[in-house]
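In what follows, a structure is listed as structure tokens, so that the remarks can point back to it.
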Amino acid sequence: MSDTPTQDFSLTRELVLLAVLATLWGASYTFIKIGVETIPPVTFIAARTLIAGGLLLAIIKMRGLSLPRDPAVWKRFFIQACINSVVPFTLVAWAEQTVNAGLATILNSTTPIFAFLLTALITRHEPVTTRKVFGVAAGVVGISLIIGLEAFNGIGKELVAQLAIVAATISYAVAAIFGKGFKGLDPMMPAAGSMICGAVILIPVSLVVDQPWTLAPSAHSLLALLGLSVFSTALAFVIYFRLINTLGTVGATSQAYLRVPIGVGIGVLFLGESLTSTAWIGLVCVIAGVAAMTLPARKRATVPA
């Protein structure tokens, strides 16, 4: 996949789509918060992956394409499903039984920071710049302000849940690195394939652990599940892959810091949530850190001889 965006597009339209994508992914934490009120996390995420995978498969069929049949490719889809949906989706859903959607949004937005740390320590294929070091430092300070200071208040279970979200964020970072191996495929293929694999993994677990036929989910939770699956997963992926081709990968990933204030604002507006003073400071640090990691560097102007 090329990092160079195509030029045959309306910049205004693409920037509007970027804002829509940030809103869809920012809203996902509120959808999850409402959904897990009456639907257990494993069953909730199993249904999410099944619905989203089915919709993405339908879109692929409408485009006249078909999923690859190579077993080696599906093995990679399976691994991607584990690290990009099964583990992080379930951790976030479990954590949001006690953690506010706003805090989940902030903590989960630091994926670019962890991705850079992992690449710098393991693969070492990205240069270590002053700006990226600042981004890592700001992100770590933000997480520490949100989790570390609140730990002294004896939150207990909520502290464990917050750490679970950080673990999910690290899993997303690993998935981002692993996902570079899908460059030869249409971007929607690994999205649909990993969602389908995720459903295959989680549905049997849901049947054994939660026995979903015994559940009585509320209408609000069911609507949240549909909203999460259709809009914040399937539709969001379609928009994301379009933006990769128009704005480039850097432009598309810039939603990582746009969705933080949007996600927090949605939680405040629709769930009546509030952040502590230290969490607000942490929010600013995280936005600054993620922006430093994702915004393109300015090219130096050349002076003609």
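The values are calculated or read from the model by the stated rules, or taken from the named source; none is laboratory data. Just so it is clear, the structure is predicted and the values come from calculations on it, not from any experiment. We place every Cβ from the backbone using ideal geometry, glycine too, and count neighbours over all the protein chains shown. Heavy atoms of the whole protein, side chains included, go into the accessibility calculation; ligands, DNA and RNA do not. Shrake-Rupley method; radii C 1.70, N 1.55, O 1.52, S 1.80 Å.
Residue by residue through region 227-233, which ³J(HN,Hα) values in whole Hz follow from phi under the Karplus form 6.51 cos²θ - 1.76 cosθ + 1.60 (θ = phi - 60°), with glycine and proline marked x?
Residue by residue, region 227-233 yields x, 5, 6, 7, 8, 7, 10 Hz.
Solvent-accessible area per residue for region 159-270 at a 1.4 Å probe radius, Å²? Intermediate values should be presented prior to the final figure.
Working: 4540 Å² over 112 residues.
Per-residue accessible area for region 159-270 comes out at 41 Å².
Carbon and sulfur atoms: what percent of the 1.4 Å accessible area of the chain do they account for?
Numbers: 10060 of 14520 Å².
Looking at the chain in its full context, I get 69 percent from C and S.
Hey, in the GNM for the chain with a 10 angstrom Cα cutoff, which one of 34, 281, 122 fluctuates hardest?
Largest GNM mean-square fluctuation: 122.
Using θ = phi - 60° and the Karplus relation 6.51 cos²θ - 1.76 cosθ + 1.60, list the HN-Hα couplings for region 177-192 in order, rounded to whole Hz, with x at every Gly or Pro.
6, 5, x, 5, x, 9, 4, x, 9, 4, x, 6, 5, x, 5, 5
Using only alpha carbon pairs under 8 Å that are at least six residues apart, calculate the relative contact order of the chain and give it in whole percent.
With pairs under 8 Å counted, the relative contact order is 43 percent.
Length gain on complete extension for the stretch residue 245 to residue 216, per 0.36 nm per residue less the alpha carbon to alpha carbon distance?
Full extension from residue 245 to residue 216 adds 6.2 nm.
What are the residues whose amide H is under 5 Å from the amide H of residue 38, where those residues sit 5 or more places off or on another chain and H is modelled from the backbone?
Here the answer is 218, since their amide H atoms fall under 5 Å of that of residue 38.
Between 98, 129, 43, find the one with the highest GNM mean-square fluctuation for the chain; connect C-alpha pairs within less than 10 Å.
129
Label residue 167 and residue 276 with points 7 Å out from Cα along Cα→Cβ: what is the distance between them in nm?
That separation, rounded to one decimal, is 2.2 nm.
For the chain, what is the per residue volume of the convex hull drawn over the alpha-carbon atoms, in cubic angstrom?
So the per-residue Cα hull volume is 160 Å³.
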